[in-house]
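Data block below; observations after.
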Amino acid sequence: MDEKRNDKPGRGAKPNRREDRKRDFSRREREDAPENMLEGRNAVTEALSAGRTIDKLFVADGDTDRALARICAMAKEAGAVVVPTDRRKLDFMSATGAHQGVIAMVAAHDYASIDDILKKAADAGEPPLIVICDELSDPHNLGAIIRTAECAGAHGVIIPKRRSVGLTAVVGKASAGALEYLPVARVSNITAAIDTLKKAGVWIYGTAAEGNTTLYSADLKGAAAIVIGNEGQGMSRLVSDSCDFKVSIPMKGSISSLNASAAAAILLYEAVRQRSV
């Protein structure tokens, strides 16, 4: 007589919930993996060799072999931010389970330069209208700002390399195609970028609840760059100090602040209104 199989754990045996959670995490990451993620040394090396724009390169912290060092050097030379990362986090991020200690986040679109943005305005015969995003962390906000800026006829958007979301797949989707038409420059230092714009005759308008210039008294008809601060803390101190004007938006309700992309839309379309008069 055949014995019945009993797949249940024996008395006293405990199910391995940790392994179950790891399998669940792995499965979830495979299903939700961002489409702009590259894994593995060969894939990342070929992307860098082909000139693809990489936002961030996550590398296993503590790995010091020659091949990985070469990839890091190539990424830094190409302007990517290299982030040493715990291998367990890389395992969690990985969609393939074979990241070989390196995961790259590829930009959804190539970056432009500040000169490209100024040239776009000059070619159109218009005073520059630019949006500067100071350390935005939400890709939906950045995507929405790029979309609104393009619709409002702005000539470009500037973002920082560090402590900011880049041109990820989510940003590309939220921009609804605007990335194909609006140049986005990624700079090492926002205050240095502001100095460059000032030398080009651009006035800098920062958004701040305590601003000393109200929205409707700000003169946005000329060359203007609108600074949108971080979702939580607003503009950093150095960026705030670099602004020529700090503009406040009238708030009539009980809530004292607006979403970053909503604030950008309000200022951009005030500029559209003034330039249309």
Using only Cα atoms, locate the centre of region 78-92 and the centre of region 47-61, then give the distance between them in Å, rounded to an integer. 10
Express the relative contact order of the chain as a whole percentage, based on alpha carbon pairs under 8 Å and six or more residues apart in sequence. 17
Using each residue's phi in region 223-232, evaluate 6.51 cos²θ - 1.76 cosθ + 1.60 at θ = phi - 60° and report the 3J(HN,Hα) Karplus result to the nearest Hz, with x for Gly and Pro. 4, 9, 10, 9, 9, 10, x, 4, 4, x
For region 248-265, just list the computed ³J(HN,Hα) in residue order, Karplus coefficients 6.51, -1.76 and 1.60, θ = phi - 60°, integers in Hz, with x standing in for Gly and Pro. 9, 9, x, 10, 9, x, 7, 8, 9, 8, 10, 4, 4, 6, 5, 4, 4, 4
If each K or R counts +1 and each D or E counts -1, the residues other than residue 60 whose Cβ falls under 15 Å of its Cβ total +1
Determine the shape class of region 188-231: with a ≥ b ≥ c the square roots of the Cα gyration tensor eigenvalues, call it rounded for a/c under 1.5, and otherwise prolate if a/b is greater than b/c, oblate otherwise. oblate
With the convex hull built on the alpha-carbon atoms of the chain, volume per residue in Å³ sits at 212
Global form of region 186-265, assessed from the alpha-carbon gyration tensor, a/c cut-off 1.5: oblate
Could you check what % of the DSSP bridge pairs in the chain are antiparallel, to the nearest 5? 25
Checked against the positive end of the charge dipole of region 160-277 (+1 on Cβ of Lys and Arg, -1 on Cβ of Asp and Glu, about the Cα centre), the farthest of 233, 250, 213 is 233
Hey, what number do you get for the chain at 222 nm if only DSSP H runs of n ≥ 4 count, each worth -39500 (n - 2.57), divided across all residues, to the nearest 500? -11500 deg cm²/dmol
³J(HN,Hα) computed for each position of region 235-245 - Karplus, 6.51 cos²θ - 1.76 cosθ + 1.60, integer Hz, glycine/proline x: 5, 5, 4, 5, 5, 4, 5, 7, 6, 6, 9
Crossing angle, helix 190-199 versus the chain [Cα axis fit, 0-90 degrees, rounded to tens]: 30
Show the residues, 5+ positions off or on another chain, whose built amide H is closer than 5 Å to the amide H of residue 211. 248
Got the relative contact order for region 165-277 handy, in percent, Cα pairs under 8 Å and 6 or more residues apart? 28
Spelling it out for residue 107: with amide H atoms placed in the peptide plane at 1.01 Å from N, the residues 5 or more places away or on another chain with amide H under 5 Å from its amide H are 53, 54, 55
Over region 74-187, with the other protein chains present, what is the accessible area per residue in square angstrom, probe 1.4 angstrom? 43
Roughly speaking, to the nearest percent, how much of the chain's 1.4 Å accessible area is carbon and sulfur? 49
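The values are calculated or read from the model by the stated rules, or taken from the named source; none is laboratory data. If you're wondering where the values come from, they're calculated on a predicted model, not measured in any experiment. Every residue, glycine among them, receives a Cβ derived from its backbone with ideal geometry; neighbour counts consider all protein chains shown. Accessible surface is based on the protein model in full, side chains and every heavy atom, while ligands, DNA and RNA are left aside. Shrake-Rupley method; radii C 1.70, N 1.55, O 1.52, S 1.80 Å.
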